[in-house]
Amino acid sequence: MKILLVGEYSRLHNSLKEGLVALGHEVTLIAAGDFFKNFPADLKLKRRFDSGFSRKIKIGIHLLSGFDITSYDLKRQFFDHAGSLKNYDVVQLINEKPIGVALPYERAIVQFLKKHNKKLFLLCCGTDYLSITYAHDKKYRYSVLTPYFEDKISAKKFQHVLKPLQPNYLAHHQFIFNHIEGVVASDIDYHLPMLHHSKYLGLIPNPINLEKIEFIENRIEDKIVIFHGINRQNFYKKGNDFFEKALEIIAEKFQHKVEIKVTENVPYQTYIESYNTAHIFLDMVYAYDQGYNALEAMAKGKVVFTGAEREFLEYYNLAEDEVCINALPDVDYLVEKLSWLIENPFEIEEIGKNARKFIEEHHDYRKVAQQYFEAWSD
């Protein structure tokens, strides 16, 4: 099968491509790298005018005319590759804005892809219309919008998350769904809003290339190392404020037993290497299931604080604290869980082993790629 993957988000499409290629398919990935994470792509679009003096020019032009020069430039780059983006059996969009440009440009791109290829599919794996509407209607017990509801962040600073709630986005969402054959959710957080939708093909777990991720046995020989990686733009959205406060207490309570490592806004490759020596990995609070960073850390055998709500446990038939720790927006709870692990280091080793086994069973990139192939074929 000849497959085109459009856009990148947390390395999902790179891993899926690797799985599909391993199964014998021909795969091309076109993407802009997911901002500072700078993921690779076969056809790499360069996001320009976002720093230095050129950014000042961009802002000035936008203020005077409303014209977004970065969006226009990315769209131009996309269509420069037009000849290489035709005659695929399957095209999959990473989300409803796969290139990250202005909505009219996104629609032009989707229209082109629909016209020149056989089947068009969509992934639900981020902040799109259905998941953000579901969160805004408070159908989750907590969500990425909880910090906004609690006035921790203003609507202006949270606009990148709230955009799908704008009236013009509904029309864009409807346009996308009118052009696709079906939509796949990558985890429980996106599975719940999609349930009973006529175009929903089901949950297919995130693919993880285990050949690229070495399992590191979580032995405690000296201090217990706790890693906290921060993306400053998503600080409240991920619940990093709860982790920070919990770590302050843990550092004081166990100053001779723990070492705390913190990174901020580093490229993907630097990020994954920086937690190799960690035993415990703090990922995110506002989630029911694990995102990509959590899954890769679990594959390495880390004890990950992330989404592991009862819906996730029931779906995979797991016990609480079996493969990871459910992180809640509660500092006392986080301190209690961290303290339990520090005082019972054998649990760290056991959960780390279970985590790797879980990834092998449910997230292996070849198994997941086969599930995508079957969904697209059906």
Collect residues whose amide H, placed 1.01 Å from N in the peptide plane, falls under 5 Å from the amide H of Ala278; neighbours closer than 5 in sequence don't count. none
Give a residue-ordered list of calculated ³J(HN,Hα) values for region 140-152 (Karplus: 6.51 cos²θ - 1.76 cosθ + 1.60, θ = phi - 60°; whole Hz; x for Gly, Pro). 7, 5, 7, 7, 5, 8, 4, x, 5, 4, 8, 6, 7
Starting from the Cα gyration tensor of region 229-378, multiply each eigenvalue by 5, take the square root, and state the resulting semi-axes largest first in whole Å. 27, 17, 15
Whole-number percent relative contact order across region 85-206, with pairs defined as alpha carbons under 8 Å at least 6 apart: 28
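Rounded to a whole number, what % of the accessible area of region 1-40 do carbon and sulfur atoms account for, probe 1.4 Å? Walk me through the numbers before you get to the answer.
Working: 680 of 1290 Å².
Whole-percent figure for carbon plus sulfur exposure: 53.
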Honestly region 197-248 on the Cα gyration tensor test (a ≥ b ≥ c root eigenvalues; a/c under 1.5 rounded, otherwise a/b vs b/c for prolate or oblate) is just oblate
Skipping prolines and chain starts, which residues have an amide H placed within reach, meaning under 5 Å, of the one on Thr263, given they are 5 or more residues away or on another chain? His228, Gly229, Ile230
According to the Cα gyration tensor, what semi-axes, each the square root of 5 times an eigenvalue, does the equivalent ellipsoid of region 293-378 have, listed from largest to smallest in whole Å? 28, 14, 10
In region 117-154, whose amide N lies under 15 Å from the spot 7 Å out along Cα-to-Cβ of His196? List them in ranges. 134, 139-140
Diffing region 250-259: the Karplus 3J(HN,Hα) column from phi (6.51, -1.76, 1.60, θ = phi - 60°), in whole Hz with x for Gly and Pro, holds 5, 4, 6, 6, 10, 4, 9, 10, 10, 10
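For region 239-279, with every protein chain kept in place, what is the accessible area per residue (1.4 Å probe, Å²)?
Working: 2260 Å² over 41 residues.
For region 239-279, the solvent-accessible area averages 55 Å² per residue.
Between Gln370 and Trp340, what length comes free when the chain is fully extended (0.36 nm per residue of separation minus the Cα-Cα distance, one decimal in nm)?
Values: separation 30, 0.36 × 30 = 10.80 nm, distance 3.91 nm.
In short, 6.9 nm is gained.
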Using a 1.4 angstrom probe on heavy atoms only, work out the carbon and sulfur share of the accessible area of region 84-145 in %. 48
From the backbone phi of region 217-224, what are the Karplus-calculated ³J(HN,Hα) couplings (6.51 cos²θ - 1.76 cosθ + 1.60, θ = phi - 60°) in whole Hz, Gly and Pro given as x? 4, 7, 7, 9, 10, 9, 7, 7
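With a 1.4 Å probe and all protein chains left in place, how much of the accessible area of region 177-268 comes from carbon and sulfur atoms, in whole percent? Before the final figure, lay out each step's value.
Working: 2070 of 4570 Å².
Carbon and sulfur together cover 45 percent of it.
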Label-reachable residues, region 278-310, where backbone N falls under 15 Å from a point 7 Å from His362's Cα toward its Cβ: 287-299, 304-310
Label zone at Lys119 (point 7 Å along Cα-to-Cβ), backbone N below 16 Å, region 148-192: 179-185
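Assuming 0.36 nm per residue, please report the length gained on full extension of the stretch Asn265 to Ser154 beyond their Cα-Cα distance. Don't jump to the answer; show the numbers that get you there.
Details: separation 111, 0.36 × 111 = 39.96 nm, distance 2.13 nm.
Difference between extended and current length: 37.8 nm.
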Gain on full stretching of the segment that runs from Lys223 to Ser65 - 0.36 nm per residue minus C-alpha separation: 51.2 nm
Can you spot the lysines whose alpha carbon is less than 20 Å from Lys212's alpha carbon? Ignore those fewer than 8 places along the same chain. Lys17, Lys37, Lys300, Lys302, Lys353, Lys357, Lys367
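Between His81 and Asp50, how high is the FRET efficiency from 1/(1 + (r/R0)^6) when r is the Cβ-Cβ distance and R₀ = 30 Å? Nearest 0.05.
Working: r = 21 Å, r/R0 = 0.69.
With a Förster radius of 30 Å, E is 0.90.
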Estimated distance in nm for a label pair at Lys245 and Phe215, the labels positioned 7 Å out from Cα along Cα-to-Cβ: 3.8
Descending accessible area (1.4 Å probe), largest on the left, turns Met284, Met1 into Met1, Met284
Which residues qualify? For Lys119, with a placed amide H closer than 5 Å and at least 5 residues away or on another chain, they are Val90, Val91
The alpha-carbon center of region 325-374 and that of region 218-254 are separated, in whole Å, by 16
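The values are calculated or read from the model by the stated rules, or taken from the named source; none is laboratory data. All values reported here derive from a predicted model rather than from experimental measurement. Reconstructed Cβ throughout: ideal geometry from the backbone, glycine too, with neighbour counts over all protein chains shown. The protein model used for the area step is the full one, side chains on, heavy atoms only, and it has no ligands, DNA or RNA in it. Shrake-Rupley method; radii C 1.70, N 1.55, O 1.52, S 1.80 Å.
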